[in-house]
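Read the figures in this text as sums done on the coordinates, not as results from a lab. Keep in mind it's a predicted model, so treat the numbers as computed, not measured. Ideal geometry is used to build each Cβ from the backbone, glycine not excepted, and the neighbour counts take in all protein chains shown.
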Amino acid sequence: MNSGNSYTIDDDLLLNLPEKPGVYLFKDNEGRVIYIGKAKNLRARVSQYVFRTDSRAMIGALMAMAVSVEIIIANSETEALILENLLIKARQPFFNVELKDDKTYPYLAITDEEFPRLIVTRQITKKMQFVRGPFTQVGLMNSLKSLLQVLYPLKYCNDRRPKGCINYQIGLCPGPCMGKITSEQYMKNLKSVIDVLQGKKWRELSGIIKEKIEASANALNFENAAKLRDLLLLLPEMQKRYSVEFSGSGVDDCLCFRQHGDVLFAAVARYADGKLIYLKSLNVNGEFPTLDIWIPVFLVSFYSALGNHLPERLNIFPNVVGAEQISTLLGKSFKKIGAVGGDIRRMLEANLEQSVKVYLSETGKTAKTLSILSEFLQTEVSSVCCIDISTLYGEYSVCGAVWWENGRFVRKKYKKFKIKTVSGVDDFGSLREVASRLLKHWQAGDFEKPSLLLIDGGAGQISSVDSILQGFLPIAGIIKDRKKIKGMELLLDKFGNELVLQDSIFALTLKSIRDESHRFSITYNRELRKNKLTSRLAEVRGVGLKRELALLERFGTLQKISEASVEELMQTSGITREIAENILESLKKEG
């Protein structure tokens, strides 16, 4: 299954993002969420990170770590704000600092007791018989609560006091604990409050507020009139239901499906105690004619991949599969199996639509890329394995192998190799070792065989690999144009044929595959050498592990460091003029 709402941060990113409200989640190369934000316009907001037009100090560090962004489309900006808050609490991203505490947006709730109360709460419990919210405008929510208490009086406290509380004495509480109001009248007030919170009695309440606005204006109390006017504007919101949070307990999954030919698209939302904790858009290829056959297959595959972490309630649209069949397939008796409707369905369908749109766009690009590759290599190409060697001064040599198929990187097929038989800087020897190990696994059926093996290198690298594979599969390499035409690179096959990689979708796709293998191998190299670097630099006064690593990453070898000027060395983080002079003096003495 491929994710349809996660995007690699590349040149095509902004073209794929929708101009809709929602939440964006930046992820690092390990797939960890490092920052969550909300947007009125996802494309415009994410572009501020990509182009660094957001002036916050943390943006540079964030984007240096971020390799992908996941989006969730919401029904409104308010929903996006609420969802951002929920996800930050659940994920605790490194770069989010303001919303990591235990604060949440408040609700208006009716308690479950003999004489229920109207309260403000940030924590929903089973002791509440009705909950409405959350409210992002806390001041207006408090004004609404105060107005409801005046119009339809309910008690304030949960104590029984023979002489009544202060609220009763000043006329704000109807005094049910003292027998000052009948149970029938109290429940009538309670029903009126609940009706308002449910979006009913809107005209009645708005009429009352308008009368109070006019009375305040006539009394020249313009401040109070302004507050009442803002409260009047809040009432239409009372008629809305939010798809990202609702009153509930336990685990609910809501799934929405759409079929395009032999591809099934699914949007899956999971709610824990009424709070949306994740939403994924997925697509999977197959040959099933109708959704009533597709959906059961998807459910079994999806929940098996989750380790059978099944929800208590399952809601599906379209609801074309019987509840009994689903329970039998998944081996669980659910509390409820029903349909998805309302705003939740609207949100899921918006995410589905985005997933389909991007898939169809990417499929066209992928088809074109594969067509050009197949024509150039004179063989059918459907998948690409790209390998890249990474070493530091001939030590910690590794190879990263990435897998690209159907227009996407398939991370579960990535492979890592430590170079075991080659010493020093020997790119050709390292590639021969990796090719030999890959061939052994391919022949044994341990690894899936790709249609094409792509190398970050030219004729020498291709020849080294082909000497091992000997025609087992097609090989190609990407090299810098020897004619040094600015911005141009070449695709090269083992026979020396060249294809210029101009600024085209085909070229961008191949370069992105090459760049991903480069990133993957470097990351693995860094993992190995972390806290283990030792060189002559470590003996220089003022150079510790961090500065040693920074220098080697910038210049590559000690030789290049010794040939650099003081000013060039000072461009490395943490290197002062004094330290740069010490480095050059030390290296020249030993040279």
Which of 357/416; 27/418; 89/280; 415/480 exceed 22 Å between C-alpha atoms? The answer is 357/416; 27/418; 415/480
In terms of Cα to Cα distance under 17 Å, which aspartates and glutamates are near enough to residue 420, apart from those fewer than 8 places away along the same chain? 388, 395, 433, 527
Where the only charges are on Cβ atoms (+1 Lys, Arg; -1 Asp, Glu), what is the dipole of the chain about its Cα centre, to the nearest 20 debye? 1840 debye
May I ask you to list the trypsin sites (Lys or Arg not before Pro) in the range 415-524 that are in a DSSP loop and have at most 13 other Cβ atoms within 10 Å of their Cβ? 420, 482, 483, 484, 486
Could you please report the charge total around residue 381, scoring K, R as +1 and D, E as -1 over all other residues with beta-carbon less than 11 angstrom from its beta-carbon? -3
State the answer as a single residue: which of 321, 387, 471 lies farthest towards the positive end of the charge dipole of the chain, with beta carbon charges of +1 for Lys and Arg and -1 for Asp and Glu, about the Cα centre. 321
Cα centroid separation - the range 455-471 against the range 12-31, whole Å: 37 Å
Could you check the simple spin-label distance between residue 278 and residue 223, using points 7 Å along Cα→Cβ, in nm with one decimal? 5.0 nm
Charges on Cβ only, +1 for Lys and Arg, -1 for Asp and Glu, centred on the Cα centroid of the range 383-529; of 505, 459, 419, which one is farthest towards the dipole's positive end? 419
Could you order the peptides 211-223, 255-267 from most to least packed, using the average number of other C-beta atoms within 10 Å per residue? 255-267, 211-223
Least to most buried among 379, 290, 523 (fewest other Cβ within 10 Å first): 290, 379, 523
What is the local net charge at residue 293, summed over the other residues whose Cβ is closer than 13 Å to its Cβ (Lys, Arg +1; Asp, Glu -1)? -3
Spatial separation of Cα centroids for the range 323-342 and the range 356-432, in angstrom: 42 Å
With charges set only on the Cβ (+1 for Lys and Arg, -1 for Asp and Glu), what does the dipole of the range 383-529 come to about its Cα centre, in debye to the nearest 20? 300 debye
Cleavage-rule hits, GluC sites (Glu not before Pro), the range 405-472, DSSP coil, Cβ neighbours within 10 Å at most 16: 448
Quick note on 157, 399, 165, ordering by fewest other C-beta atoms within 10 Å, gives 157, 165, 399
Tabulate in residue order the Karplus-calculated ³J(HN,Hα) for the range 386-391, using 6.51 cos²θ - 1.76 cosθ + 1.60 with θ = phi - 60°, rounded to whole Hz; enter x for Gly and Pro. 10, 10, 8, 8, 10, 9
Between residue 550 and residue 363, how high is the FRET efficiency from 1/(1 + (r/R0)^6) when r is the Cβ-Cβ distance and R₀ = 35 Å? Nearest 0.05. 0.25
Summed side-chain charge close to residue 145 - residues other than residue 145 whose Cβ falls under 12 Å, Lys, Arg +1, Asp, Glu -1: +2
Over the chain, what is the percentage of antiparallel beta bridges among all DSSP beta bridges, to the nearest 5? 80 percent
Counting sequence-distant residues (5 or more places) and residues on other chains, those with an amide H built under 5 Å from that of residue 74 are 22, 23
For Cα extents along the principal axes in Å, the choices are (1) 96, 68, 41; (2) 83, 77, 41; (3) 72, 62, 52; which was calculated from the structure? (1)
Quick check: pseudo-label points 7 Å beyond the Cα along Cα→Cβ at residue 54 and residue 335, how many nm apart are they? 3.7 nm
So the label point goes 7 Å from the Cα of residue 285 along Cα→C-beta, right? Which residues of the range 1-35 then have their backbone N under 15 Å from it? 1-3
